[in-house]
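See structure below.
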């Protein structure tokens, strides 16, 4: 830490320990990486074991919806980054619009995901379903991983959408402002993390055919 | 927080702030690290007592198998005993109690970096504890899988595994937040002049522990979630009929749970590193080595999980590597032991209760550590893995290690937390019973295990009877010891003499402020100009 010692005493002067807050967020993201890491570990082991089945199952994924979702999420990452840049320049209104755009795109991602899952469930492919259990072991595992990994990722997207909505509210009320935007920046970090997880999920489930 | 301490500057931290009508609300809503720490401490010791009673009953039942508990009840008892002692007591243990109360003070800060997150972490801990206890009392059978929740049994058993697993999941989240908070605190809130190598060793161990909490616990979280999903949705990652693999569960579980033993024992070593210098009036010998070995243990500790699975089915190459790395991790522990002993050497030793417990820690942890090498070696492990030898080793490191250190810390910091002195004679009497009982109870387990007594069995052939009777008798002494120790401490809260600011002649910052702790840690943030244990400098 290059900062002068004692400078971080937030209770001392009432000033906000910007570096400390960001550090806490990065630590939290480390834990998130390890959380998803457990799933990626299982994926790699099962894929190694059942390479053929994984290859075949991935063909059943809807690559169009998957690609649209990737585009939506990547764009939302751009808008949240721009909203932070706008906040730094003190442009409250454009920051608000960009945050709103992020929320809408996050919601759109979830809606698309809903239709994707819905289509699979309607043809009887969901964990422990008779149709799925009749398939090969690798396929059972592939779709098990598909539901668990995209499901937990979706949960993170949902949390992100809710948190960004709060940030939007805070920005409107100006408790987030040009001097004090650590919360918004941390939310941005979280949103980029959610995005990065998807960047790995997309090839692993849609592109490996 | 500034707002909480605006009034009376001489007020103790436990005095009412009148912010809420109810005392309990005032404490539960408090973001003061000292209050949160004290609440944790009370909760931990309560759960510890429940766990001890369960262990006591397990031992009683083994006097004559079946007279007290049938097989199913026995399984449930050792499961709940394990879950409580591991997840509710010893993993959160020292960081959340002593860490919360003293870390900010030791580094000269007003509070932790994120006081509200700290409070959230406490609420999560309470929630997790409620869930764990619900799993015992709600309709259906209490968990009977052992504290490890091994698949596939944990997915198939009709017992209330889901509730217990959710409880542990929530506790894990609480643990992550505490670790994150402490690491950030140590990075950001050290007082002016408090360089990294002027921090007391306890803060260093909390720093290493914080990293392990952050980097290991999420793996447990996802693993437990798989159990949960397996039970509710039939996702079969650990179910061979669905292509899964139960061994994977063991890998994922121990990937967390081995580093977790360092979550338990690293801060314990920190307490010992505080107590030993104070009671021998010498600087901590090899201070830098002690601090660095904490980091060393934390790092190497990640790469040894496989030694829990030598008999589970793993390639020979993997087993040899895991065995080798297990030997490596003993090195930094050894460094610490030698440094503590060297600190005592030629010191002006004052044998008060905290030092007695600390020295017992060194002795018991050495036995625990050395027997760990016996079972860390491949060939002997195959013979001893499924036996009482493991139970003995485990209790020597966990109870003899972390447990004794918590009791040492309890006596050492008792005057600072409560503002009273405990009764030294009863403390020593309690120690004697505890120490003797402990060794009878757990050393006979080494012998039993070496003779082949399998662990987790409710029944045994007659040739093990004598060993079991001796072990059970040890548990009586141990229980008497604990009763004396805690009765003494509880009585002293009300009847003890008023404690002075610095009863032990300690050099760290907590001894420069009043006993009991004031609401505001420091009237003025101290400027640090010396190392943490400057006994020699002073003598010159």
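Just so it is clear, none of the values below were taken in a lab; they were calculated from the coordinates. Remember, it's a predicted structure, so these values are computed and weren't measured experimentally. Every residue, glycine among them, receives a Cβ derived from its backbone with ideal geometry; neighbour counts consider all protein chains shown.
Data overview
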read-out	value
Peptide-level mean, for B:238-245, of C-beta atoms on other protein chains within 10 Å	5
Shielding score for B:186-195, defined as the mean number of other chain Cβ atoms within 10 Å	5
Convex hull volume of the stretch B:368-491 per residue (C-alpha atoms, cubic angstrom)	102 Å³
Value of relative contact order over the stretch A:43-129, rounded to a whole percent, pairs C-alpha under 8 Å and six or more apart	28 percent
Computed over chain B: relative contact order in percent, which uses C-alpha pairs under 8 Å that are six or more apart	17 percent
Largest to smallest principal axis extent of the C-alpha atoms in chain B, angstrom	65, 51, 46
Alpha-carbon centroid distance for the pair the stretch B:202-236 / the stretch B:46-62, whole angstrom	26 Å
Quotient of Cα Rg and 2.2 N^0.38 Å for the stretch B:81-154, N being how many residues it contains	1.43
Distance between the stretch B:303-370 and the stretch A:124-196 - C-alpha centres, whole angstrom	42 Å
If the convex hull is drawn through the Cα atoms of the stretch B:229-362, its volume per residue in Å³	124 Å³
Label zone at residue B:495, where the point sits 7 Å out along the Cα-to-Cβ direction: the stretch B:386-425 residues whose backbone N lies under 12 Å	B:423
Two-decimal log10 I(q)/I(0) for the stretch A:57-209, as the Debye equation yields it once each C-alpha is a single scatterer, q = 0.09, 0.14, 0.19, 0.20 Å⁻¹	-0.34, -0.69, -1.03, -1.11
Gain on full stretching of the segment that runs from residue B:383 to residue B:321 - 0.36 nm per residue minus C-alpha separation	20.4 nm
Pairwise label distance in nanometres, residue B:134 with residue B:436, each label 7 Å out on the Cα-Cβ vector	4.6 nm
Whole-number percent relative contact order across the stretch A:22-207, with pairs defined as alpha carbons under 8 Å at least 6 apart	34 percent
Sites residue B:314 and residue B:487, calculated FRET efficiency, Cβ-Cβ separation with R0 41 Å, nearest 0.05	0.30
In range of the label at residue B:241: residues from the stretch B:148-163 whose backbone nitrogen is under 15 Å from the point 7 Å along Cα→Cβ	B:152-158
Compactness of the protein assembly as shown, expressed as Rg and Dmax over alpha-carbon positions, Å	27.0, 84
Partner chain coverage, peptide B:366-375 - average Cβ within 10 angstrom	0
Sum of -39500 (n - 2.57) over DSSP H runs of 4+, divided by residues of the protein assembly as shown (222 nm, nearest 500)	-23000 deg cm²/dmol
Ascending count of other beta-carbon atoms within 10 Å, so fewest first, for B:329, A:159	A:159, B:329
Ranked B:53, A:157, criterion: other C-beta atoms within 10 Å, fewest first	B:53, A:157
The stretch B:461-488 and the stretch B:110-189: distance between their alpha carbon centers, rounded to Å	30 Å
Contour excess over end-to-end distance, with Cα ends at residue A:40 and residue A:166 and 0.36 nm allotted per residue	42.3 nm
Residue B:350 versus residue B:502: modelled label distance in nm, points set 7 Å from Cα along the beta carbon direction	1.1 nm
Residue order, fewest to most surrounding Cβ atoms within 10 angstrom, among B:206, B:124	B:124, B:206
Spin-label model distance (nm) - residue B:292 vs residue A:179, 7 Å beyond Cα toward Cβ	4.5 nm
Square roots of five times the Cα gyration tensor eigenvalues for the stretch A:8-147, Å	40, 21, 12
Sites residue B:463 and residue B:425, calculated FRET efficiency, Cβ-Cβ separation with R0 41 Å, nearest 0.05	0.45
Two-site FRET efficiency, residue B:60 against residue B:527, from Cβ-Cβ distance with R₀ of 60 Å, rounded to 0.05	0.60
